[in-house]
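To start, the structure itself, in structure tokens.
Bear in mind these aren't lab numbers, they're just calculated from the coordinates by the rules spelled out. Since this is a predicted model, take the numbers as computed values, not measurements.
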Amino acid sequence: MTRQTQLIRQIRSRLALLDRTQRDLGQSLGLGHAAISARMNGHRDFSFTELEKVATFLEVPLHELLTFERDGVMSQ
């Protein structure tokens, strides 16, 4: 699984936990439907600035959003 896929999974999981939608996320970033869909489907990367805003919107520190578990070991 790629880091981008892991990041998107983290974002989707956190959206569900907070009962927020992809549309809500897009609006918070100032992105339209097509732009947020492209990012959430892995067709386009999030910029660093967007990731900072995503973390704020999801109420999680940026480093936590970017930390992934691989085979039981945390990595960044």
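Pick out which of L31, L17, L62 has the largest mean-square fluctuation in a Gaussian network model of the chain, springs linking Cα atoms closer than 10 Å.
Result for the chain, Cα springs under 10 Å: L17 fluctuates most.
Taking amide H positions as placed in the peptide plane 1.01 Å from N, state which residues far from R44 in sequence (5 or more) or on other chains have amide H under 5 Å from it.
Close amide H contacts, sequence-distant or interchain: R39.
Pairs of Cα atoms under 8 Å, at least six residues apart: use those to get the relative contact order of the chain, whole percent. Write out the running numbers ahead of the final one.
Values: 53 pairs, mean separation 23.3, N = 76.
Worked out over the chain, it gives 31 percent.
Taking only Cα atoms, what is the 0 to 90° angle, nearest 10, from helix 3-17's long axis to the longest principal axis of the chain?
Roughly 70 degrees between the two axes.
If one takes the longest principal axis of the Cα atoms in the chain, at what angle in degrees, from 0 to 90 and to the nearest 10, does the Cα axis of helix 48-57 lie?
90
Considering the values (1) 11.9, 36; (2) 13.8, 54; (3) 32.4, 109, which represents Rg and Dmax of the Cα atoms in Å as calculated for the structure under consideration?
Of the labelled values, this structure produces (1).
For the chain, what is the mean residue ellipticity at 222 nm derived from helices alone (per DSSP H run of n ≥ 4: -39500 (n - 2.57); sum divided by total residues; nearest 500 deg cm²/dmol)?
Rounded to the nearest 500, it is -16500 deg cm²/dmol.
Which whole-Hz couplings ³J(HN,Hα) result when phi for each residue of the stretch 30-39 is put into the Karplus expression 6.51 cos²θ - 1.76 cosθ + 1.60, θ = phi - 60°, listed in order with x for Gly and Pro?
Rounded to whole hertz, the list is x, 10, x, 4, 5, 5, 6, 4, 4, 6.
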